[in-house]
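Engineer: Questions regarding the structure given below will be posed in turn.
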Amino acid sequence: MKLKLLRSIFGYDSFRPLQEECIQSVLNKKDTVLLMPTGGGKSLCYQIPALMLPGLTVVISPLISLMKDQVSQLKTLGVEAELLNSTLTRGEYEVNQEKIRSGKTKLLFCAPETLFKENILEMLRFCRVDCITVDEAHCISEWGHDFRPEYRRIKELRDAFPDAVFLAVTATATERVRRDIITNLTLDKPRELVASFNRDNLFYEVIPKSRAVDQTIEYIRKFKDQSGIIYCFSRKQVDDLTKNINKAGFKALPYHAGLSDDIRHKNQDLFIRDDVPIMVATIAFGMGINKPNVRFVIHHDLPKNIESYYQETGRAGRDGLPSQCLLLFSAGDAAKIKYFIDQKEDATQKRVAQDHLNTMIAYAQSRQCRRIPLITYFGENYKIENCGLCDNCIKPKEATINLTAPAIKFLQCMSETEERFGALHVINVLRGSEAEKIMNYGHNHCRTFAAGREWSIKQWQNLAQQLLAQRILKKSDEYGVLSLTQSAYELMSGKRLFQGYLPEQDATPAKTVKIKENAAYDTTLFEKLRLKRKELADQAGVPPYIIFSDKSLIDMCHRRPKTKSEFAHVFGVGEQKLARFSTAFIKIINED
């Protein structure tokens, strides 16, 4: 039955990893936590159970745009889905409520604020609620990158709907955040399903920021008429960069909290509907954007943490097609973020934010495969040393040198200071700082005090990052305290050597590469199909990808179906899409 629905409704021939396990877990009424990267197919994991369970599936989602998008997609597929939120007129609200009461609706999308209105809870008490899905579940956790206090109330639904199974889904969550999700939702011995965080269609690249505007414009020239997102730190940067990009002959729009709601919604809509290819935005943009054909994401400025970076780069290539992610890195950006961290009054928040920033800087400065620090951050054991899809793996490797002596010096200083501090304190001791903290602890009497004056703070930090990357050191999540591993003791006792890169002031820019393309297809036919898709989407008032994804259009170019029965085998073509759209696309293919 699951496979039949997958084919007939959604037009797919097989499940992706963990989808079927998650669906079965929900059907068995087993509380489940699903961790699956962006573009991995999370929505199917509650959409298919919703079609198989007799009652209603309630999907709690943080953003209106995400709800509208999913409801539009499901209705195009012939699935009874509705939403309740502040964008509806009173009449629309009442019509949707009546559909829900009647039992016709299979999926209801709403924000937690809407859900906890007394009239909505009262309405749902008269319905059979079989499943409660918490989308973007990391919003529950204070340790997550997008904490939303209203999510903490969701656990109250356990008492209101004791027979409903709970499914918590997210694309980004560390082990600590997962534990927080389980605790806060009071899940009953849930099944935890964790997919790989590796997005093997994304190319990751970091280059030193020097002429940021020129670098950005030069980069986007590779993506003629293709969609991309550029993230900036501030509203002013967004506005300035948008003007420069448009002046260079591209079409771009800004998105930030300083614009009115109307302008933001209009710009987002133009981007989603493929009317404008480039969105220049602060981090206010993107959560819940389900646009699958974003071919590049540029971070014009350093993100605050790895989780945000992973989620933002994850908006590229959601359709599984090759896409690129560029980060422009400068020490000045890191200093800007640190300034704002220092303004925080809460000591714990300050410590956590600084630790997140340090991890992000280490990623940007790393010379190992980009996927190793990115994927292992989330607790996954990723060991492939050359992915072939990042700047560090495709550029010629720099020769490593023997850095055993300075490494031992660093480790000995850690030992003398009793492994109770972060890297900066150890470095200050090595460099002979007379800061009050060092004097108070008596660390000016350590044998290693002032023994490392020949290196700058940045050079010692670089060495510390290499020691962490090679797992000679460990760092605690909460306080950023460094500790020695067994490998560290072997190094200090002379049983092993430490090979590394001589710490420099800047990384070498990687040459731009062209990553794997799809098997050759007729680009002229693709463009004709793309124009027809846009025409049909505009007529229906929906984004083009709701009609067909780029992947479906490429498959049409490969298969060149001449009949409805042949068209039925195209990727993403279910019964409803076959009935509604096949004639128009077959006509174009036959005329080509």
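Engineer: Spin-label point model (7 Å from Cα, Cβ direction): what's the Lys104 to Asp200 distance in nm?
Structural biologist: 4.5
Engineer: Also, quick follow-up: Heavy atoms only, probe 1.4 angstrom, no DNA, RNA or ligands counted: give me Tyr382, Tyr441 ranked by accessible area, highest first.
Structural biologist: Details: Tyr382 20, Tyr441 105 Å².
Accessible-area ranking of Tyr382, Tyr441, largest first: Tyr441, Tyr382.
Engineer: Which is farthest toward the positive dipole end of the range 127-242 among Gln237, Pro208, Thr186, measuring Cα position about the Cα centre, with Cβ charges +1 (Lys, Arg) and -1 (Asp, Glu)?
Structural biologist: Pro208
Engineer: The list (i) 73, 67, 61; (ii) 79, 58, 46; (iii) 90, 59, 52 gives values of Cα extents along the principal axes in Å, and only one came from this structure; which label was calculated from it?
Structural biologist: (ii)
Engineer: Would you list the P(r) distribution for the range 372-454, with all Cα-Cα distances sorted into 10 Å bins from 0 and each bin expressed as a whole %?
Structural biologist: Pairs per bin, as whole percents: 16, 32, 23, 24, 7.
Engineer: Take the Cα atoms of the range 302-350, build their convex hull, and give its volume per residue in Å³. Write out the running numbers ahead of the final one.
Structural biologist: Numbers: hull volume 3.7 nm³, N = 49.
Per-residue hull volume (Cα only) is 75 Å³.
Engineer: In percent, how large is the relative contact order of the range 244-391, given Cα pairs closer than 8 Å and 6 or more residues apart? Can you show the working numbers first?
Structural biologist: Values: 157 pairs, mean separation 24.6, N = 148.
Computed value for the range 244-391: 17 percent relative contact order.
Engineer: Dimensions of the range 533-592 along principal axes (Cα, Å, largest first)?
Structural biologist: 28, 23, 19
Engineer: Between Phe126 and Lys564, 0.36 nm times their residue separation minus their Cα-Cα distance comes to what?
Structural biologist: On the way: separation 438, 0.36 × 438 = 157.68 nm, distance 4.31 nm.
Working it through step by step, the gained length comes to 153.4 nm.
Engineer: Helix 457-469: angle to the longest alpha-carbon principal axis of the chain, degrees 0 to 90, nearest 10?
Structural biologist: Result, in degrees: 60.
Engineer: Determine the sum of side-chain charges near Thr417: Lys and Arg each +1, Asp and Glu each -1, restricted to other residues whose C-beta is under 12 angstrom from that of Thr417. Mind showing how you got there, number by number?
Structural biologist: Values: positive: Arg420, Lys437, Arg447; negative: Glu416, Glu418, Glu419.
Taking every Cβ under 12 Å from that of Thr417, the sum is 0.
Engineer: Next up: How large is the charge dipole for the range 374-419, taken about the Cα centre, if only the Cβ atoms of Lys, Arg (+1) and Asp, Glu (-1) carry charge, to the nearest 20 debye? If you can, show how the numbers build up before the last one.
Structural biologist: Working: 4 positive and 7 negative charges, 55 e Å.
Using Cβ point charges on Lys, Arg, Asp and Glu, the range 374-419 gives about 260 debye.
Engineer: Shape call for the range 310-437 from the C-alpha gyration tensor, a ≥ b ≥ c root eigenvalues: rounded (a/c under 1.5), prolate (a/b greater than b/c) or oblate?
Structural biologist: Working: a/c = 2.27, a/b = 1.39, b/c = 1.63.
In terms of gyration-tensor shape, oblate.
Engineer: Work from the charge dipole of the range 526-570 (Cβ charges, +1 for Lys and Arg, -1 for Asp and Glu, about the Cα centre) and give the residue of Ser552, Gly541, Ser565 farthest towards its positive end.
Structural biologist: My answer, from the dipole projection, is Ser565.
Engineer: Just flag the trypsin sites (Lys or Arg not before Pro) in the range 1-108 sitting in loop per DSSP whose Cβ has no more than 11 other Cβ atoms within 10 Å.
Structural biologist: On the way: sites: Lys2, Lys4, Arg7, Lys29, Lys30, Lys42, Lys68, Lys75, Arg90, Lys99, Arg101, Lys104, Lys106; in loops: Lys29, Lys30, Lys42, Lys104, Lys106.
For trypsin sites (Lys or Arg not before Pro) across the range 1-108 that sit outside H, G, I, E and B with at most 11 neighbouring Cβ atoms in 10 Å, the list reads Lys104.
Engineer: Give the residue list of trypsin sites (Lys or Arg not before Pro) in the range 337-398 that are DSSP loop and have at most 16 other beta-carbon atoms within 10 angstrom.
Structural biologist: Values: sites: Lys338, Lys344, Lys350, Arg351, Arg367, Arg370, Arg371, Lys383, Lys397; in loops: Lys344, Arg367, Arg370, Lys383, Lys397.
The qualifying sites are Lys344, Lys383, Lys397.
Engineer: Accessible area per residue, 1.4 Å probe, Å², for the chain: what's the number? Please list the in-between numbers first.
Structural biologist: Values: 26210 Å² over 592 residues.
That works out to 44 Å² for each residue.
Engineer: Classify the range 410-449 from the C-alpha gyration tensor, please: rounded if a/c falls under 1.5, else prolate or oblate depending on whether a/b exceeds b/c.
Structural biologist: On the way: a/c = 1.40, a/b = 1.33, b/c = 1.05.
It is rounded, given that a/c, with a ≥ b ≥ c, falls under 1.5.
Engineer: Among Ile9, Pro162, Ala423, whose Cα sits farthest toward the positive end of the charge dipole of the chain (+1 at Cβ of Lys/Arg, -1 at Cβ of Asp/Glu, about the Cα centre)?
Structural biologist: Towards the positive end, the residue furthest out is Ile9.
Engineer: Roughly what percent of Cα-Cα pairs across the range 1-131 reach past 23 Å?
Structural biologist: Values: 2647 of 8515 pairs.
Percent of Cα pairs beyond 23 Å in the range 1-131: 31.
Engineer: Quick one: dipole size for the chain, taken about the Cα centre, charges +1 on Lys/Arg Cβ and -1 on Asp/Glu Cβ, in debye to the nearest 20. Please report the intermediate quantities before stating the final value.
Structural biologist: Values: 85 positive and 73 negative charges, 226 e Å.
Using Cβ point charges on Lys, Arg, Asp and Glu, the chain gives about 1080 debye.
Engineer: Here's something else I'd like to know. Leaving out ligands, DNA and RNA, what percent of the accessible area of the range 136-286 is carbon and sulfur, probe 1.4 Å?
Structural biologist: Working: 3180 of 6700 Å².
Summing carbon and sulfur atoms, their accessible area is 47 percent of the total for the range 136-286.
Engineer: About the Cα centre of the range 35-155, what is the dipole size in debye to 20, counting +1 per Lys and Arg Cβ and -1 per Asp and Glu Cβ, all else neutral? It would help to have the intermediate numbers written out before the result.
Structural biologist: Numbers: 15 positive and 15 negative charges, 53 e Å.
For the range 35-155, the charge dipole is close to 260 debye.
Engineer: May I ask for the angle, rounded to the nearest 10°, between helix 64-76 and the longest principal axis of the chain, with both axes built from Cα atoms and the value confined to 0 to 90°?
Structural biologist: Result, in degrees: 40.
Engineer: For the range 364-468, which whole percent of the accessible surface, found with a 1.4 angstrom probe, sits on carbon and sulfur atoms?
Structural biologist: On the way: 2400 of 4970 Å².
Accessible surface attributable to carbon and sulfur in the range 364-468 totals 48 percent.
Engineer: How many angstrom lie between the Cα centre of the range 359-383 and the Cα centre of the range 216-236?
Structural biologist: 24
Engineer: Give a quick list of trypsin sites (Lys or Arg not before Pro) in the range 525-592 that DSSP marks as loop, anything other than H, G, I, E or B, with at most 14 other Cβ atoms within 10 Å. Don't skip to the end; give the middle numbers.
Structural biologist: Details: sites: Lys528, Arg530, Lys532, Arg533, Lys534, Lys551, Arg559, Lys562, Lys564, Lys577, Arg580, Lys587; in loops: Lys562.
Qualifying residues, ordered by number: Lys562.
Engineer: Here's another thing I want to ask about it. With axes computed from alpha carbons, what is the tilt in degrees of helix 347-365 against the longest principal axis of the chain, rounded to the nearest 10 within 0 to 90?
Structural biologist: It works out to around 90 degrees.
Engineer: So, one more: Which whole-angstrom value gives the distance between the alpha carbon centres of the range 109-127 and the range 529-592?
Structural biologist: Answer, in whole Å: 38.
The values are calculated or read from the model by the stated rules, or taken from the named source; none is laboratory data. Given the structure is predicted, the values throughout are model-derived calculations rather than measurements. All Cβ positions, even for glycine, are placed from backbone atoms using ideal geometry, and neighbour counts span all protein chains on display. Please note that ligands, DNA and RNA were not included when accessible areas were found on the heavy atoms of the full protein model with its side chains. Shrake-Rupley method; radii C 1.70, N 1.55, O 1.52, S 1.80 Å.
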